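Engineer: Okay, handing you the structure first.
Just so it is clear, none of the values below were taken in a lab; they were calculated from the coordinates. If you're wondering where the values come from, they're calculated on a predicted model, not measured in any experiment. FYI the Cβ positions are ideal-geometry reconstructions off the backbone, even for glycines, and counts take in every protein chain you see.
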């Protein structure tokens, strides 16, 4: 069964350093989402792509976060500089152009900022 | 976005049915009701969704109140693998896809 791939699974960094997370959605899925999940809370949408275009980044802290999906396939989420409050799980999800109600999530990248 | 209210936690015995409630009194006529669950150390996974009529699939059933202000996710026979956080989410149709707003969900514990 096809899965959303994310790497790395775990990342430890010091504050003020740069970090990057990678996501490869299920083949053929046009919509890609990045979520942040703080321990004990539900996921919060950071950015949504339709193909290579950003359609919603209203919750993305643009002073330090950036996201791209250059060829409309895989995507990278970057934080620079990382802050202590960025420690969280970063989840990627994708959905098919037709079956928009079903989002498929990856296992996530757990980030710890020291 | 319309808001949902779920109990923080619930407990069930293995092999018994589980009814997970969700209140959504401000639901609009075009909002779909979605349920996702998140097993420990994993990303959320789709369970079921519906608009007005009750829905069944291999994982669960979704019972929607006639006024649509509440719904219930039914697991017919809980197993230890069903221990997870269950999220009830509302969203209307969107041109690009579903922009989900997750609440804290209900943490389900299944006792052997």
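Engineer: I need A:69, A:64, B:77, B:107 ordered by Cβ neighbour count within 10 Å, fewest first.
Structural biologist: Details: A:69 21, A:64 14, B:77 11, B:107 17.
So the residues, fewest neighbours to most, are B:77, A:64, B:107, A:69.
Engineer: Provide Rg and Dmax in Å for chain B, with only Cα atoms included in the calculation.
Structural biologist: For chain B, the Cα radius of gyration and maximum Cα-Cα distance read 13.4, 44 Å.
Engineer: Further, regarding this structure: For Cα pairs less than 8 Å apart in space and 6+ apart in sequence, what is the mean separation divided by the residue count of chain B, i.e. the relative contact order in percent? It would help to have the intermediate numbers written out before the result.
Structural biologist: Numbers: 267 pairs, mean separation 40.9, N = 112.
RCO, chain B: 37 percent.
Engineer: Another question, then. Suppose R0 equals 30 Å; then what is the FRET efficiency for residue A:78 and residue A:2 from their Cβ-Cβ distance, rounded to the nearest 0.05? Kindly include the intermediate steps, with their values, before the conclusion.
Structural biologist: On the way: r = 26 Å, r/R0 = 0.85.
My answer for the efficiency is 0.70.
Engineer: Averaged over its residues, how many other protein chain Cβ atoms are within 10 Å of peptide A:35-45's Cβ atoms? Kindly include the intermediate steps, with their values, before the conclusion.
Structural biologist: Details: counts 4, 0, 4, 0, 0, 3, 4, 12, 8, 3, 4.
Partner-chain Cβ atoms within 10 Å, mean over residues of A:35-45: 4.
Engineer: I would also like to ask the following. What is the distance in Å between the Cα centroid of segment B:11-60 and that of segment A:88-111?
Structural biologist: That distance is 17 Å.
Engineer: At residue A:12 and residue B:66, where each label point lies 7 Å from the Cα along Cα→Cβ, what is the point-to-point distance in nanometres?
Structural biologist: My value for the distance between the label points is 5.9 nm.
Engineer: Grab the Cα-Cα distance for residue B:5 and residue B:79, subtract it from 0.36 nm times how many residues apart they are, and report the gain in nm with one decimal.
Structural biologist: Working: separation 74, 0.36 × 74 = 26.64 nm, distance 2.46 nm.
Going from the current span to full extension adds 24.2 nm.
Engineer: Test of understanding: what is the full-extension gain from residue B:52 to residue B:26, defined as 0.36 nm times their sequence separation minus their Cα-Cα distance?
Structural biologist: Values: separation 26, 0.36 × 26 = 9.36 nm, distance 1.48 nm.
Working it through step by step, the gained length comes to 7.9 nm.
Engineer: Could you work out the mean count of beta carbons from other protein chains within 10 Å of each residue's beta carbon in A:98-106?
Structural biologist: Details: counts 0, 2, 8, 12, 8, 10, 4, 7, 2.
Per residue, the average neighbour count from other chains is 6.
Engineer: Order of A:14, B:14 from fewest to most other C-beta atoms within 10 Å?
Structural biologist: Values: A:14 10, B:14 13.
Taking fewest neighbouring Cβ atoms as first place, the list is A:14, B:14.
Engineer: Now for a separate question. Taking chain A as a Gaussian network, where each spring joins two C-alpha atoms under 10 Å apart, which residue of A:99, A:27, A:53 fluctuates the most?
Structural biologist: A:99
Engineer: May I pose another question? Going by how many other beta carbons lie within 10 Å of each one, how would you line up A:65, A:105, fewest first? Can you show the working numbers first?
Structural biologist: Values: A:65 18, A:105 22.
With the sparsest Cβ surroundings first, the list reads A:65, A:105.
Engineer: Please find, in a Gaussian network model of chain A (springs between Cα atoms separated by less than 10 Å), the residue of A:78, A:11, A:62 whose mean-square fluctuation is greatest.
Structural biologist: With Cα springs under 10 Å in chain A, the top fluctuation among A:78, A:11, A:62 is at A:62.
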